[in-house]
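Here is the structure we will look at, set down as structure tokens.
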Amino acid sequence: MTTYVLRRLVQLVPVLAVVAVALFVLLRVLPGDPTTAILGLEATDEQRAALRADLGLDQPLWNQFATWVGGVVRGDLGESWITAEPVGGVIADRLPATVQLMVFSLVLAVVIGIPAGVVAAVRQRSGTDSVLTGLSVFGLAIPNFFLAALLVLVFAVWWGVLPASGYVAIGDDLVGNLTRMVLPSVTVGSTVVAVAMRQTRGSLLAALGEDYVRTARATGLSRRRTVVVYALRNALVPVVTVVALQVGVLMSATVTTETIFALPGMGTLVVNAIFARDLPLVQGAVLVIVVFVLLVNLVADLIYAWLDPRIVY
Amino acid sequence: MSSENSTLPDAGAAGAAAAEGVSRPVLRRLLRDRRFLAGAAVVIFIVLGSALGPLFRDAMTTPDTDTLMSGPSAAHPFGTDELGRDILARVVGGSVVILQVAAVAVGISLVAGTALGLLAGYRGGWVDAVLMRVVDGLMAFPLLVLALTIVAALGPGLRNALIAIAVVLTPRFARVVRAEVLSLRSREWVSAARIVGVPSRAVMLRHLLPHLSGTLLVFAALQLSTAAMAEASLSFLGLGIQPPDSSWGAMVASGVTRLETNWAMAVFPGLALLLTIAAFNLLADALRDALDAHGPEEV
Amino acid sequence: MRRRVTSGLALGAAVLLAVAACGSDDSPASDGGGSGGGGGGGNLTIGFDNEPPDLDPILSSRISSDRHLLNAFFDTLIRQERNGEFVPALAESWESDESSVTFTLRDDVTFHDGTPFDADAVVVNLDRARDDDSGSVKAAGLGSIDGVTAVDEHTVRLDLNRTDPLLFVNLAHEAGMMGSPAAIETDAEGFGRAPVGTGPFVFDSWRTNATLTASANEDYWRTDADGESLPKLDGLTVRFITDPSTLRTELQTGGVDMVRVLPPEEFTQLADNPDITIEDVGLRRSYYMTLNATRPPFDDPAIREAVAMAVDRDAIGRAAAGDEFDLAPSFAVEGDWFYDGDITPPELDPAGAHDILESAGLLGTEITIVARNRQPDPMIAELLQAQLGEAGFSVQVEPLEAETQLSRMREKDFDAGILVIDVPRLDPSLSFDPYFTTDAPNNWSGVQDEELDRLLTDAVATDDQDARAEDYIAVQQRVIDENYWVFLYQPRNPLNRRSNVEGIALDVDGQWRLDEAYLAE
């Protein structure tokens, strides 16, 4: 197992190299530069040129790349071009909101999605099954910016029970934090809940058809016990994988969701930084996101291995 | 799906038999599947809409500042938008975009991803290692972030949005195809073909590809919804379609800001988007279930 | 990884953390007592769309919305009231002659960090603002100053090299803002992220893209007309929110008390809400279409005129702003001293425009309109696309990100561009010079017009307002005659606030002064 983990970690190195190169090249192709964001509209060409030199933008591309990678290897992600804040600090500041959003979404998936999937599978072809399956289709199909707008209208504007947007750190004001995270979490979570439900239902149905389950039933075990003890454990294996793979999807969902709810997370960070051409910030933030996604996938594989002893490494 | 290759009668015949023998029962299963029928109905609507779209071109694109944001009425069943254009016409016209997303973005990624996946899986060795590291690298980017950056680099617009979506989907196809190929490569008939000296390209195209078609069909259907969602999100962020044309995503984007005062502007295109993506998902589900029983894996 | 905290600021940061950790108990203003600042006027939460990269006044670009926030932290020697009049601030009085101005300073002012405000502080600040090498973008604005001398502890003399109608204007705003010399010396680079001035509010914290907080300056020197101490508010929270409809929802639900800018399609939705006051304070946003005069087809004045004839400005205004707009001949707003309602663009005449194109053999000419991809700009572009299409152009609209659009326009890779500026500005020179002089940084049209250069130079060589008004009216007439630009419409830019927010004072250009603001019960 340890060797397996190590091997997987080593395999991440070339992947990260690809990511770094692709990211860097792609960002340098962007038209426009950050001088307007920093100097304003009315700066002269000389002022812009001086600033570009200041930022090292007049250096050859490979040189800029080497400087950046050199820094990253030493743990230094550089400074924001626009605010001059250290990129690492900015990211550390933004991670909590996004991580919280993802954790809450995954919790929703576990608390709502999996049980709903179990119910749908156990009551296959019933009215309950149809309703739940219909809801999951809805959850997968509704664009999250549309869902977010509907939720804000209903819960913030009409009923006034939840704040429309914003963020309070969890340590500063727990209640304020939680009330502000409800709508974004439901928005982002709608997809994962649906995915978890569908996957649970599908795998559980498959497992219930397996020989060992039929045998268990035949030996007189109760239906509930069969489902919970035997079938569900096996059925959960693919659920874990599929849900973990959703972490990448969730990151995409946070981009639009954080914009609408004005959450200071990684999604808004990346989008705003791309629009302002604050390239060091984009590079650092995307790199962190990518590492995060890769690590979650790795952990998912390990859980998979742990849940399913048949898999040998 | 041909089996002309005389050197390998067994494998070829098996593949052909699979293709032949499978299609009718599969079709029958599909036609009995409500999910498939619902999905297909929506798709037919979209195709019809795309065909009829040009007829509504004027109503779609000509602003009329005398009927700004009127609610649904007899003259405008879905109401009018912020420039006084008929929302029904724009929703119908917007279906062209979905077809383009399906045909161009998913199409390109299907072809490119399949080619890369076949190459990596069949050749193995360093080709596989290099290709798969690139694939892993690209897949590690959150889809929307990568697409967003590509569109920002190429410039906004539907064409560039489609290219960006194709780029982000290609590695997914490559990975799926490679995995399938790896499992097929060890089959006797593939080994046999290689041993008797059938050129690699022929093995890949004539023998492996037909066996992948079921998997690819299901996977492509799934990616349709991803692609449609990505296009909508890019348009929402202002990087998608160019005026005066409109996609549902762009219409929702301008409508959600007025949800309280003029619900029709966001709700109708939003529903269109929702139904379409749901339809794609239902189709994918139905196809997977239909093909699983008699899919290529069973041959 | 923590944000870099340089030694000089470490103490401030530590205090801030302590306050944050203890809730409001340690907050100096929370008791609402009458002594000192922070008179129990509550905490004002502001929704702000345009986050400054930096709050160092000399780095803030000349024309920006940053002063809404800078005014909270910094004071100037003199203030300019909304009506244009200059009144004492950190300087109690001043005397001026042809070649110098002498300011007598207040002796009871200290910076937020305890550093006394005196003549030396003024010298440090003005010398820094005049020094290009410090990165200052204000140097040009203070170009008429030859030297700054501390005559004694509370007297400062500026030696001047020419008549400069803008000197006092500049001194009353960013270029003349006074920062703590000690803080600047300790960390000049970090100063803008943790501003230290003498203003009504003391900087607490700033999370980029999220929030900025400040608390009342207990030792603020200024009092209101009744002699009550200022500021009235206990503190400020600025929430940076870019999405206009999120801003509107927040104002509607009480998540913020006041919003910097809401577009008409958002604020009109709040018109009937009794909790919200939408007040027209004379501010406008001026939308314009600039034509690229450096290449065909718009290098031909006749074709530019055809464009001006084809544009239905009223229809654009109605679509984009409902009833909430004016049509104006230029950046000037009705009531400005350089406004002339007699300047009018060509009559709306799409058929005539079509004839001009036809006789020039240019029917179907392809043109590209670049616009920012944020509403209402794409919508305006779409209307122009239809209107110019009717006149015989074949119009392509490209909604672009801000940075891409500006770089395209600087490289003159466009035919027509749509942009907006907030008006009025502090002085008409700030509205016209950046766009219409030959060397202007934002000479989008590529205008090389000696007449305009002459007029604009003349207008800043005298402080006779009548003579200046004449020059600026001639400038506007010229721009309209040549149709370099088509001025589209001016949506109202009201002050949007919860109805219990009172006492907001405004600069000439409408930026906030919050020392007398408070939240009514």
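Note on region C:332-395 and region B:250-285: Cα centroid distance 33 Å, given to the nearest whole angstrom.
Considering region A:87-307 at the alpha-carbon level, its Rg and Dmax are found to be 19.7, 67 Å.
Between helix B:107-123 and chain B there is an angle of about 20 degrees, using the helix long axis and the longest principal axis of the Cα atoms.
Rg and Dmax of region B:106-235, both derived from C-alpha coordinates alone, stand at 16.0, 53 Å. With the helix formula -39500 (n - 2.57) applied to DSSP H stretches of n ≥ 4, the protein assembly as shown reaches a computed 222 nm mean residue ellipticity of -16500 deg cm²/dmol.
Going toward the positive end of the dipole of region A:87-307, with +1 on Lys and Arg Cβ and -1 on Asp and Glu Cβ, which of A:Gly113, A:Gly176, A:Ala206 do you reach last? Of the listed residues, the answer is A:Ala206. Sort out for me the Cα centre separation of region A:186-216 from region A:73-139, rounded to whole Å. The distance from the Cα centre of region A:186-216 to that of region A:73-139 comes to 18 Å. For region C:284-491, the residue among C:Ser407, C:Ala459, C:Thr290 whose Cα projects farthest onto the positive side of the dipole built from Cβ charges is C:Ser407. Kirkwood hydrodynamic radius computed over chain B comes to 21.0 Å, based on all pairs of distinct alpha carbons. Any idea which of B:His211, B:Leu68, B:Leu110 is furthest toward the positive side of the dipole for region B:22-291, if Lys and Arg beta-carbons carry +1 and Asp and Glu beta-carbons -1? In region B:22-291, that residue is B:His211.
Averaged over the residues of B:56-68, the number of partner chain Cβ atoms lying within 10 Å of the residue Cβ comes to 3. For the peptides B:123-129, C:395-401, the ranking by mean Cβ contacts within 10 Å, running from highest to lowest, is C:395-401, B:123-129. Counting only the Cα atoms, region C:327-414 fills a convex hull of 135 Å³ per residue.
What translational diffusion coefficient, to the nearest whole µm²/s, does region C:284-491 have by Stokes-Einstein, given a Kirkwood radius computed over alpha-carbon pairs, a temperature of 10 °C and 1.306 mPa s viscosity? It diffuses with D of about 93 µm²/s by this estimate.
Peptide B:254-264 has a mean of 6 when you count, residue by residue, the C-beta atoms of other protein chains within 10 Å of its C-beta. When the trypsin sites (Lys or Arg not before Pro) in region B:32-82 are filtered for DSSP coil states and for at most 10 other beta-carbon atoms within 10 Å of their beta-carbon, no site remains. When only alpha carbons of region B:27-108 are considered, Rg and Dmax amount to 16.1, 53 Å. This model, with +1 at the C-beta of Lys and Arg and -1 at the C-beta of Asp and Glu, gives region A:87-307 a dipole about its Cα centre of some 940 debye. C:Ile46: net charge of surrounding residues, Cβ under 12 Å, Lys/Arg +1, Asp/Glu -1, itself excluded? My count for the surroundings of C:Ile46 gives 0. In percent, rounded to a whole number, the relative contact order of chain C is 20, using alpha-carbon pairs under 8 Å and six or more apart. Dividing the mean sequence gap of close Cα pairs (under 8 Å, 6+ apart) by how many residues chain B holds gives a relative contact order of 25 percent. For region B:167-299, the spread of Cα coordinates along the three principal axes comes to 71, 30, 19 Å, biggest extent given first. With a Förster radius of 41 Å applied to the C-beta separation of C:Thr155 and C:Glu521, the computed FRET efficiency comes to 0.40. Listing A:Ser136, C:Ser229 from fewest to most neighbouring C-beta atoms within 10 Å gives C:Ser229, A:Ser136. Convex hull volume of the Cα atoms of region B:76-141, normalised per residue: 105 Å³.
Taken residue by residue and averaged, Cβ atoms of other chains lying within 10 Å of the Cβ of A:260-266 number 5.
Rounded to whole Å, the principal axis extents of the Cα atoms in the protein assembly as shown read 106, 76, 58, largest first. Mean projection of the Cα convex hull over all viewing directions, computed for region A:48-164: 13.0 nm². Restricting things to alpha carbons, find the Rg to Rh ratio for region B:115-183 using the Kirkwood radius for Rh. Checking Rg against Rh, the ratio lands at 1.07. Across region A:196-265 the C-alpha pair distances fall into 5 Å bins from zero in the proportions 3, 16, 19, 14, 11, 9, 8, 7, 6, 4, 2, 0 percent.
Relative contact order, whole percent, for region C:284-491 stands at 37, derived from Cα pairs under 8 Å and 6 or more residues apart.
Highest-first packing order for the peptide set B:247-259, C:306-318, A:46-58 is B:247-259, C:306-318, A:46-58, based on the mean count of other beta carbon atoms within 10 Å.
Working note: Cα gyration tensor of region C:421-472, eigenvalues times five, square-rooted, sorted largest first, giving semi-axes of 18, 14, 7 Å. For the pair region C:131-167 and region C:434-499, the centres of their Cα atoms are 26 angstrom apart. Working note: Cα atoms of region C:405-521, range along each principal axis, descending, whole Å: 58, 38, 21. Each peptide among A:158-167, C:472-481 gets the average number of other Cβ atoms lying within 10 Å of its residues, and from highest to lowest they stand as C:472-481, A:158-167.
So how tilted is helix A:45-54 from the main axis of chain A? Cα-based, degrees 0 to 90, rounded to 10. The helix A:45-54 is inclined about 60 degrees to chain A. Seen from a random direction on average, the alpha-carbon convex hull of chain C projects onto 24.7 square nanometres.
Computed from the coordinates by the stated procedures, all read-outs in this text should not be read as laboratory data. Please read these numbers as outputs of a predicted model, since none were measured by experiment. FYI the Cβ positions are ideal-geometry reconstructions off the backbone, even for glycines, and counts take in every protein chain you see.
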